[in-house]
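I have placed the structure first, in the form of structure tokens, so that the comments after it can refer back to it.
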Protein chains: 2
Amino acid sequence: MKELHETNPFKKPFGSLNELIDNITAVLGCPVTIEDANHRLLAYSSHEDGTDSARVGTIISQRVPEKVINRLWKEKVIPRLMQTETALRIPTIEEIGLRDRVAISIRKNQEVLGYIWAVDEQKKLSAEQLSLLKDAAGAATPLLLKLHLQRKRKKENYQDFFWQLLMGHYQSNEEIQQQFYELQITMPAQFAVLVFRFEQEITGKVEEQITYLIATSQKITNHFLIVMENELILIASPHPSQPDEKVFKEFISYFIMEMDNRFSIRGIKGSSGTIYHSFDRAETSYQQALKVLKLKEQFPEDLQKVFHYHQLGIFQYLDAILKEKKTSPYEHPAITKLENYDRLHNTNFLETLEVFVQHDSNAHEAARLLFVHVNTLNYRLKRIREIGDLDLKNAYEKMAVLVDLKIRRLQ
Amino acid sequence: MKELHETNPFKKPFGSLNELIDNITAVLGCPVTIEDANHRLLAYSSHEDGTDSARVGTIISQRVPEKVINRLWKEKVIPRLMQTETALRIPTIEEIGLRDRVAISIRKNQEVLGYIWAVDEQKKLSAEQLSLLKDAAGAATPLLLKLHLQRKRKKENYQDFFWQLLMGHYQSNEEIQQQFYELQITMPAQFAVLVFRFEQEITGKVEEQITYLIATSQKITNHFLIVMENELILIASPHPSQPDEKVFKEFISYFIMEMDNRFSIRGIKGSSGTIYHSFDRAETSYQQALKVLKLKEQFPEDLQKVFHYHQLGIFQYLDAILKEKKTSPYEHPAITKLENYDRLHNTNFLETLEVFVQHDSNAHEAARLLFVHVNTLNYRLKRIREIGDLDLKNAYEKMAVLVDLKIRRLQ
DNA sequence: GTTTCGTTTGTGAAATTTCACAAACGGAAT
DNA sequence: ATTCCGTTTGTGAAATTTCACAAACGAAAC
């Protein structure tokens, strides 16, 4: 790649990181921070202006705050930095006090040794200046190598490893096994990713309560736990005493109930992805858990008792169907007709149909939920069959009607 | 657009089309045909070599054979020719005796007056020669205008109009109304597109029988009919006596049965798209009918009694779901488990589940179809619930299982 | 050969669903 | 106010489904 500038101002030996950082600050004219691969602070410029709360937090605690790291993982900022050798622009993330900045990885070939951050909020760096940053990263490499940063600290790598698993960062299962080995964690034979979304941000106190509840639940064995704003993410496996997938459902409803009972924390939504045996599926399991949560928000009543991905049933495919419907719209004729009839006669046939079908065509159940006599329901169903030209004994037709009714609710 | 050649050899007045065509043949060195917008033959070169059966047919009957026109519509050749001013290459279509050739529309501004065809099978025309063809088309314009080709003949325009409707060629409903008016056809208030696929090619004799059957059916009123190889396409509306959508289903099964009874023609598959009130949806209805046929081929037993698009039920969405599954594969855990169990114990649980669910959870029906005692079925279902961790009272779960089972059959 | 385990079938009673019919109800039109 | 029409509710009988239990079956293991 052709360099945009003529000369490399960092092509000289630096005695220390501080010396280097002073040079970078002088060249770029904005606050600069250097951290190692574990996000521990190594050096920072004393520039006055343009320091946001994320940077302050980093300097104070000598480490990038966990909240910030988690968010940067989730936004795929760190994965991208790890993959590229060039500088990246990171847009503002208000919630974690992170203002506009650029960053680049310091690397020795494929291995990432650390990162340089520059807060260029005041005056955006030009493409040429970003290229300079790359030279600076090159100059940092020998300095970081000298620091023997390779000694990885278990506690600190743990979090990165967790996110790398969830983001599908690893190519092969061998890599993952290697990581487990290096971190001295035994790799469970099976696992699932669980996600809990709280109404409030999770405080340190609540986090303690969470840890306590998980430890005492006797249902699952927890392997990884991370707290991020109002989300709690777990990688867990069934407790040896009951090695069945069902335990996840049980654990989630247990957890939600007990958080209410014991600590009066309400409104938690929880979900679980599929159980897998190979950790290269961790990303899949995580995405599944997120999908369950999203659907639970869209269909709170329907999915009230659903916690596990496979319980979603046809809701799994609702977004795929919705996408198809957007490209080739199709109004279900029966729904259209019933809608019109309802409007003209003040009836309630469409809802009746929906309740009946979604409750497995159980007449008594549907009548109960609709507060009508069973015979009324049967009469209505007869009319619905006539008006909508529907065969309510045909599973395929019923499925389509129900799907279309659910999609209708999304619009 | 910059012309590829220096001079335009057709930039002189021609006394007749034959004079022009002799010039084109001389310049391009291959057989050339000129036809009007209704595919009537206007002039043709007497070149000896490289004449395929499509061209022979055209010359003999003074018109492009219907079979060829229909196919060119279906392959979107004619729509593309109508849309562009430049020459197009048409690949060989063996079945209709059409060999490699190029074609271009002759036009006065937006209006298409006719077409020039050149069979360059022997020696492919170069890009420069294709550009010459454009000049030739320009030279043909005044000659075709002189012929007063504007007088449109009803019978001949009919077919083009039909295809234009099916291909969604019209932008607005006004245009369509105008066309109906010009062709002196009254526009029905509603319509649906029906497609029948025969096992054999439809001969003239069979076509007569078809026309006869439709005319005497008393169920539908037919407005357009086209026969293409082994396909019969209709635009029809319900007979005034029973103005309901159901008549299409009835007509299709009636038609299939009577073609067998009366004329011993078996193996016809028929389908119908949705009924619409505006002809700008003709393309949609046609596509729906085709989709029904396609699915009937993929699921012959399941869709044996399905003729109308809306009867497809969830099958409508199967391809959308399949596409989704390809991007993010998900094995249904219950299916996997049952499959394993079946293999280990020589049981038949997976099929039992499929038959039960697809027949609307009707135990007696399913037992009958599986040739087992009802209690056996119930026992199996109990085991299936246990092994697969399935809730067979949950409509959503059952839907997903059934969908996954059907998709499984596609693979 | 015997045992074991999971599956299939038969029986019968209890529970539930389905259906026809009559009556009541209530809004809209006359 | 009356009538009409479509909807709701109640009643009861018939049909069907569900369930528990016993016995038979058959393949695989001992």
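Inspect all residues belonging to the stretch B:273-286 and state whether any of them is in a strand (DSSP E or B) and not acidic (Asp, Glu). Step through it out loud before you land on a result.
If we filter the stretch B:273-286 for residues that are in a strand (DSSP E or B), which is where we start, we get B:276.
After this cut, where a residue has to be not acidic (Asp, Glu) as well, the list is B:276.
Within the stretch B:273-286 (the criterion being in a strand (DSSP E or B) and not acidic (Asp, Glu)), the answer is yes, since at least one residue qualifies.
What number goes with the only condition from (1) assigned by TED's automatic domain parsing to the domain that holds A:Gln304; (2) within 14 Å of DNA strand D (Cβ to nearest atom) that A:Asn348 does not pass?
(1)
For the stretch B:364-411, how many residues are within 26 Å of B:Gln298 (Cα to Cα) and more than 12 Å from chain A (Cβ to nearest Cβ)?
Narrowing the stretch B:364-411 to residues within 26 Å of B:Gln298 (Cα to Cα): B:365-371, B:395-411.
Retained after the next criterion (residues that are more than 12 Å from chain A (Cβ to nearest Cβ)): B:367-371, B:408-411.
Matching residues across the stretch B:364-411 total 9.
So, in the stretch B:344-370, of the ones that are at pLDDT 90 or above and at positive phi, which residue ends up farthest from the chain's Cα centre (by Cα)?
B:Ser361
For the stretch B:351-360, does any single residue satisfy the condition of being assigned by TED's automatic domain parsing to the domain that holds B:Val401, under 24 Å from A:Met399 (Cβ atoms) and of a type in the set (Ser, Thr, Tyr)? First the steps, then the outcome.
Kept after step one, since they are assigned by TED's automatic domain parsing to the domain that holds B:Val401, are these residues of the stretch B:351-360: B:351-360.
Subset that is under 24 Å from A:Met399 (Cβ atoms): B:351-360.
Next, from what is left, pick out any that are of a type in the set (Ser, Thr, Tyr): B:352.
Yes - at least one qualifying residue is present in the stretch B:351-360.
Considering only residues of the stretch A:199-212 that are over 19 Å from A:Leu293 (Cβ atoms) and at pLDDT 80 or above, which is most open to solvent (accessible area, probe 1.4 Å)?
We begin by selecting, within the stretch A:199-212, every residue over 19 Å from A:Leu293 (Cβ atoms); these are A:203-205, A:207-209, A:211-212.
Retained after the next criterion (residues that are at pLDDT 80 or above): A:203-205, A:207, A:209, A:211.
Values: A:Thr203: 72, A:Gly204: 51, A:Lys205: 139, A:Glu207: 68, A:Gln209: 32, A:Thr211: 72 Å².
This residue is A:Lys205.
Picking from A:Phe196, A:Phe161, which residue would you name as being part of a helix (DSSP H, G or I) and either surrounded by fewer than 17 Cβ atoms within 10 Å (Cβ to Cβ) or at pLDDT 85 or above (or both)? Walk me through how you get there before you give the answer.
Values: A:Phe196 fails: part of a helix (DSSP H, G or I).
One residue alone meets the criteria, A:Phe161.
Which ranges mark the helices (runs of 4 or more DSSP H) fully within the stretch B:1-109 that have 2 or more residues being within 25 Å of the chain's Cα centre (by Cα) and basic (Lys, Arg)?
Values: elements: B:17-28, B:53-61, B:66-74, B:77-83.
Here the list reads B:66-74.
Is there a residue in the stretch A:299-314 that is crowded, with 18+ Cβ neighbours inside 10 Å, in contact with a strand residue (DSSP E or B) (Cβ under 7 Å, 6 or more places away or on another chain) and part of a loop (DSSP other than H, G, I, E, B)?
Yes, there is a match, as at least one residue in the stretch A:299-314 is crowded, with 18+ Cβ neighbours inside 10 Å, in contact with a strand residue (DSSP E or B) (Cβ under 7 Å, 6 or more places away or on another chain) and part of a loop (DSSP other than H, G, I, E, B).
Condition check: away from DNA strand D (no atom under 13 Å from the Cβ), closer than 26 Å to A:Leu392 by Cβ and either open to solvent by 10 Å² or more (accessible area, probe 1.4 Å) or not assigned by TED's automatic domain parsing to the domain that holds B:Lys296 (or both). Does B:Leu402 satisfy that?
The answer is yes for B:Leu402.
Go through the stretch A:91-110 and report how many residues are over 16 Å from A:Ile34 (Cβ atoms) and in contact with a helix residue (DSSP H, G or I) (Cβ under 9 Å, 6 or more places away or on another chain).
Of the residues in the stretch A:91-110, the ones over 16 Å from A:Ile34 (Cβ atoms) are A:91-100, A:109-110.
If we keep only those that are in contact with a helix residue (DSSP H, G or I) (Cβ under 9 Å, 6 or more places away or on another chain) as well, we get A:93, A:95-99.
Selection size over the stretch A:91-110: 6.
Would you tally the residues in the stretch A:306-346 being more than 9 Å from chain B (Cβ to nearest Cβ), more than 23 Å from B:Lys325 (Cβ to Cβ) and among the aliphatic types (A, V, I, L, M)?
Here the count works out to 3.
Take the residues in the stretch A:268-295 that are touching a strand residue (DSSP E or B) at 6+ places or on another chain (Cβ under 9 Å) and among the polar types (S, T, N, Q); name whichever of them is surrounded by the fewest Cβ atoms within 10 Å (Cβ to Cβ).
Going through the qualifying residues, I end up with A:Gln287.
Looking at the stretch B:356-385, which of the residues that are open to solvent by 60 Å² or more (accessible area, probe 1.4 Å) and near DNA strand C (Cβ under 7 Å from one of its atoms) is nearest to B:Leu402 (Cα to Cα)?
Selected residue: B:Tyr379.
Which residues, counting only those in the stretch A:227-266, are in contact with a Leu (Cβ under 8 Å, 6 or more places away or on another chain) and open to solvent by less than 10 Å² (accessible area, probe 1.4 Å)? Talk me through it step by step, then tell me what you get.
Pass one, the stretch A:227-266, residues in contact with a Leu (Cβ under 8 Å, 6 or more places away or on another chain): A:232-236, A:248, A:251-252, A:255, A:258-259, A:262.
A:Leu232, A:Ile233, A:Leu234, A:Ile235, A:Ala236, A:Phe248, A:Phe251, A:Ile252, A:Phe255, A:Met259, listed by residue number.
Which members of the stretch A:99-112 meet the condition of being open to solvent by 10 Å² or more (accessible area, probe 1.4 Å) and under 16 Å from A:Gln83 (Cβ atoms)? Steps first, please.
So the first thing to find is which residues in the stretch A:99-112 are open to solvent by 10 Å² or more (accessible area, probe 1.4 Å), and the list is A:99-101, A:107-112.
The answer is A:Arg107, A:Lys108, A:Asn109, A:Gln110, A:Glu111, A:Val112.
Conditions tested, residue by residue: (1) open to solvent by 10 Å² or more (accessible area, probe 1.4 Å); (2) out of contact with any helix residue (DSSP H, G or I) (no Cβ under 9 Å at 6 or more places or on another chain).
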residue	(1), (2)
B:Ile34	no, no
B:Asp52	no, yes
B:Val56	yes, yes
B:Gln62	yes, yes
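Taking the stretch A:350-399, which residues are touching a residue at least 40 places away in the same chain (Cβ under 8 Å) and either of a type in the set (Val, Ile, Thr) or within 15 Å of B:Val357 (Cβ to Cβ) (or both)? Outline the logic, then answer.
First, pick out the residues of the stretch A:350-399 that are touching a residue at least 40 places away in the same chain (Cβ under 8 Å): A:350, A:353-354, A:357-358, A:384, A:387-390, A:398-399.
A:Val357, A:Ile384, A:Ile387, A:Lys398, A:Met399 - these are the residues of the stretch A:350-399 that are touching a residue at least 40 places away in the same chain (Cβ under 8 Å) and either of a type in the set (Val, Ile, Thr) or within 15 Å of B:Val357 (Cβ to Cβ) (or both).
State which residue pairs qualify: first residue more than 20 Å from A:Glu297 (Cα to Cα) and inside the stretch A:198-210, second residue surrounded by 17 or more Cβ atoms within 10 Å (Cβ to Cβ) in any location, beta carbons under 6 Å apart, and separation of 6 or more residues or different chains.
Every condition considered, the pairs that remain are A:Glu207/A:Val227.
For the stretch A:351-372, name all the residues that are under 16 Å from A:Arg409 (Cα atoms), in contact with a Lys or Arg (Cβ under 9 Å, 6 or more places away or on another chain) and of a type outside the set (Ser, Thr, Tyr). Talk me through it step by step, then tell me what you get.
Step one: of the stretch A:351-372, the residues under 16 Å from A:Arg409 (Cα atoms) are A:351-355, A:357-358.
Checking the rest, the ones that are also in contact with a Lys or Arg (Cβ under 9 Å, 6 or more places away or on another chain) come to A:352-354, A:357-358.
Correct list: A:Leu353, A:Glu354, A:Val357, A:Gln358.
The values are calculated or read from the model by the stated rules, or taken from the named source; none is laboratory data. What you are looking at is a predicted structure, and each value in this text was computed from that prediction instead of being measured. With ideal geometry, Cβ positions are generated from the backbone for all residues, glycine too; neighbour counts draw on all protein chains shown. Only protein heavy atoms, including side chains, enter the accessible area calculation; ligands, DNA and RNA are left aside. Shrake-Rupley method; radii C 1.70, N 1.55, O 1.52, S 1.80 Å.
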